[in-house]
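Q: Below you will find the structure I want to go over with you.
The values are calculated or read from the model by the stated rules, or taken from the named source; none is laboratory data. Just so you know, these numbers come straight off a predicted model, no measurement behind them. Every residue, glycine among them, receives a Cβ derived from its backbone with ideal geometry; neighbour counts consider all protein chains shown.
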Ligand SMILES: [Fe+2]
C-alpha cells in the first residue's frame, strides 16, 4: 500500500457542447487560449488553464483532470479505488502521460495524472484554473467517496436548519477548495473557476469582459467559505464561469468549519443564487 498522500490541483475541465468550435472561440478570445484540434474535440490552452470542448450536450462536464504533485500517489489512489469497488482505469489520456481515472458516485469522470508536454502560452490575463463544482443527488455519498477513497480533505460544510448537508468544499493542497459539491435534485455540472492574482486582477478581468461585450452575471462579491472575491460570467453555452481572487490558504491541521445555508454564506456582500 502506497502512503504518498494525494496532493493535486485542477489542471483541466472538459465541457460537452453542441458546437465545440463556437465555444472554443469564446475560450480563445476571452481566456487567451491557443486552440488545438484533437479529433472532434478542441483543446483550449491558456496560461495555467486548459478547457477541452467535446461534442455533446451543452452545460455538461465530460471530465475534469487534476495534476498530482507527486506521481507516486497514483498507485495509492488506484489501490483505494480498487478496494472500494469503484470503476477506474490507469493509463495515458490526451493530456496526461499517466493517469488514474474513475467515475464518482454522481457519475462524473475524474482523472488524476501527470501532464504531457503541451502548448505553452503565456498570453493574456493571469488566472489559473482552480476549482470545479458539481451538484449531486447524494452529497453525503460524494463527500464520503472523495474523503475516504480519493483522499481529499473537507475544509467547510454548509448545513441547513435540520443539520442536513447542503454543500461541501474539499481540498487537495493548501487552497481552501479545488472541488465542491452541493445537494440538489439532479446530478449535474455547476461551474468552474479561475484564480486571479489579486483584487486588481479581478478589475482587469471585468474590463476585459467589458471589451468583449461579455456581461458580468453575478458579483462582484465575497464567498463565505473560502473567503474569495468573485465575479461570474456565462460562456456562449450558458456555463457559469467564475473569476476568483484571494481564496483562503489553509494549513493541514485546519479544523473543518460549518456555515448556515443562507444567502450571506454564498455572498457576504449581497445577493446570492441559492442553487442547493
Ligand atoms: Fe466557485
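Q: I'm checking my understanding of the structure. Among residues of region 166-181 that are within 10 Å of the chain's Cα centre (by Cα) and in a loop (DSSP other than H, G, I, E, B), which one is nearest to the ligand (Cβ to nearest atom)?
A: Of everything passing the filter in region 166-181, 177 is nearest to the ligand (Cβ to nearest atom).
Q: A further question follows. Output the number of residues of region 236-255 satisfying the condition of being free of Cβ contacts under 8 Å to residues at least 60 places away in the same chain, within 16 Å of the ligand (Cβ to nearest atom) and in a loop (DSSP other than H, G, I, E, B).
A: Count: 1.
Q: All but one of (1) in the same structural domain as residue 84 (by TED's automatic domain parsing); (2) touching a helix residue (DSSP H, G or I) at 6+ places or on another chain (Cβ under 8 Å); (3) farther than 22 Å from residue 92 by Cβ hold for residue 107; which doesn't?
A: That leaves (2) as the condition not met.
Q: Checking residue 144 against (1) surrounded by fewer than 20 Cβ atoms within 10 Å (Cβ to Cβ); (2) assigned to a helix (DSSP H, G or I); (3) touching a residue at least 12 places away in the same chain (Cβ under 8 Å): exactly one of these is not met. Which one?
A: (3)
Q: Does residue 258 satisfy the condition of being away from the ligand (no atom under 11 Å from the Cβ) and under 21 Å from residue 178 (Cβ atoms)?
A: Details: away from the ligand (no atom under 11 Å from the Cβ): yes; under 21 Å from residue 178 (Cβ atoms): yes.
Against the criterion (away from the ligand (no atom under 11 Å from the Cβ) and under 21 Å from residue 178 (Cβ atoms)), residue 258 qualifies.
Q: For a quick check of your reading: which strands (runs of 3 or more DSSP E) sit entirely within region 20-87 and have at least 2 residues that are closer than 24 Å to residue 133 by Cβ? Give the derivation first.
A: Details: elements: 34-38, 41-46, 49-55, 60-68.
Filter on region 20-87 gives 41-46, 49-55, 60-68.
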